[in-house]
1. Going by C-beta contacts inside 10 Å, put HIS65, HIS261, HIS401 in order with the fewest on the left.
2. State the percent of C-alpha pairs, over all pairs in the chain, separated by a distance greater than 35 angstrom.
3. Can you pull the one-decimal nm distance between simple spin-label points at ASP46 and ASP351, each 7 Å off the Cα toward Cβ?
4. Order these peptides, 32-38, 10-16, by their mean beta-carbon neighbour count within 10 angstrom, highest first.
5. Note down the net charge around PRO104, summing +1 for each Lys or Arg and -1 for each Asp or Glu among other residues with Cβ under 13 Å from its Cβ.
6. Could you sort the peptides 111-121, 169-179 by per-residue average Cβ neighbour count (10 Å cutoff), highest mean leading?
7. Treating only the Cβ of Lys, Arg, Asp and Glu as charged (+1, +1, -1, -1), what charge dipole size does the stretch 22-235 show about its Cα centre? Round to the nearest 20 debye.
8. Going by how many other beta carbons lie within 10 Å of each one, how would you line up SER70, SER304, SER380, SER156, fewest first?
Amino acid sequence: MDKLKIVGGLPLKGEVKIAGAKNAALPILCACLLTDQPITLRNVPDLQDVRTMLKLLQEIGVEVHFPDVSDRHHVVLNAANIKSSEATYDMVKTMRASILVLGPLLARMHSAKVSLPGGCAIGARPVDQHIKGLKAMGATIQIQSGYIEAKTNSPSGRLTGAPILTDMITVTGTENLLMAATLAAGTTILENAAREPEVGDLAELLVKMGAKITGIHTDRLVIEGVEKLHSAEHAIIADRIEAGTFLCAVAAAGGEILVTHCRPDTLDAVIVKLKDVGLEMEIGPDWIKASMKSRPKAVNFRTSEYPAFPTDMQAQLMAVNAVAVGSSMITETIFENRFMHVQELNRLGADIAIEGNTAIAQGVDRLSGAIVMATDLRASASLVIAGLAAQGETQVERIYHLDRGYDRMEQKLTLLGANIKRVK
Ligand SMILES: CC(=O)N[C@H]1[C@@H](OP(=O)(O)OP(=O)(O)OC[C@H]2O[C@@H](n3ccc(=O)[nH]c3=O)[C@H](O)[C@@H]2O)O[C@H](CO)[C@@H](O)[C@@H]1O
Ligand SMILES: C=C(OP(=O)(O)O)C(=O)O
């Protein structure tokens with residue numbers, strides 16, 4: 001298993017180019033299932049979850065073509081010949097986002113069989129709202145031997161548009177129902193829809209494919225179903241979580257970096273907190289110049305749905321608080337078990353205690369390198385940030401979690417002057 005060795009204490013300096021968003025790429029790759037015509041995608045991040053999704057789509061019968069073999073960010077997908085409507089346990093267990101094939105397969109093929117995702121390190125993460133919404137659209141759904149078995153019932157085979165109000169805001173739930181609704185007969189109204197920029201990016205691609213959607217980027221999506229969707233081209237939106245991760249890295253380790261190819265307008269809540277931390281930022285339309293000349297100041301924050309502070313940035317900003325002047329309270333409201341990094345940060349010398357869904361961090365002068373274990377994707381990123389700020393050598397083990405969601409993180413950090421190496 002690969003690990004990362006980091007010798008910390010060096011300030012970061014240079015330019016870093018942000019990749020396309022994992023959480024937009026995954027649903028957008030699944031959207032190709034909605035049509036028998038090719039979908040051309042650019043700015044696709046080259047990371048493990050995308051490779052897993054492409055493999056799953058190939059198993060289903062999608063042709064995956066890289067027009068330039070040396071460029072994995074430009075992909076053409078063609079789902080003209082779907083041969084299976086199944087996502088197996090083996091695929092779903094490695095990546096929960098595999099559930100995103102359910103809505104499109106059901107809408108286009110009129111049946112689908114998708115393994116029920118289990119819980120994961122950060123929480124139980126049920127998919128009851130996905131199922132409830134598809135049932136409201138006329139699907140019959142049974143849970144059989146760990147699989148969601150879904151089929152449509154109408155004589156035409158199409159789902160039926162319906163009003164759907166989810167019990168909570170769910171990102172992939174909104175995406176699954178949105179994709180299913182594009183091919184349903186009649187109008188679907190998704191109330192309490194997630195407003196994450198990645199949902200908006202998916203909706204924008206669907207409109208390019210011929211879908212009729214209004215209310216994009218709001219919590220009320222109205223979808224008038226059409227009989228067929230068609231070919232389209234789309235560039236995936238920049239990854240706001242990757243950009244935020246590099247901003248936290250410079251806030252913790254010090255230095256001056258230029259973050260390019262990003263979307264600062266999707267990072268408002270993160271930028272507000274990083275300003276309070278003391279990170280100086282100059283912000284352009286698609287770049288952020290960030291410099292940190294002193295020790296960070298501790299900030300309280302609370303995660304919530306977009307546009308509030310994202311849960312996917314909680315662990316990284318906690319690493320900044322770990323080395324900040326003062327104490328902070330960090331409240332996680334989205335997932336019930338997203339503090340697995342606390343114990344590992346404490347192994348590096350941090351002073352963080354957990355009380356219910358709140359972590360209380362007393363900033364320390366310095367962390368000192370140690371062997372730590374990554375437990376999930378963003379926990380890994382927070383350990384890398386802490387390792388960059390720590391004195392001495394840190395080894396981050398189990399970085400397959402990190403590889404799921406970051407496109408070449410250690411190469412990018414090396415270009416910024418960090419001493420970081422992947423060890424096989
Ligand atoms: C691939 C992808 O885009 N992943 C993101 C997506 O995950 P994901 O879409 O899985 O997260 P959700 O927005 O669905 O989850 C939000 C909360 O709702 C609960 N819930 C959700 C659905 C459901 O049917 N029942 C239910 O109880 C979940 O357990 C969680 O507590 O949004 C999360 C919240 O911003 C992010 O951390 C993930 O990075
Ligand atoms: C939790 C995350 O991803 P996923 O939903 O794919 O597990 C994440 O990106 O931080």
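Quick note: the coordinates plus some simple rules give every number you see, no bench work behind them. Note that the structure is a prediction, hence the values are computed from the model and not measured. FYI the Cβ positions are ideal-geometry reconstructions off the backbone, even for glycines, and counts take in every protein chain you see.
1. In order of increasing Cβ crowding within 10 Å: HIS65, HIS261, HIS401.
2. Summing the P(r) of the chain above 35 Å gives 28 percent of all pairs.
3. In this crude spin-label approximation the distance works out to 4.4 nm.
4. 32-38, 10-16
5. After counting each charged neighbour, the total is -1.
6. 169-179, 111-121
7. My answer is approximately 380 debye.
8. With the fewest neighbours first, SER70, SER304, SER380, SER156 line up as SER70, SER156, SER304, SER380.
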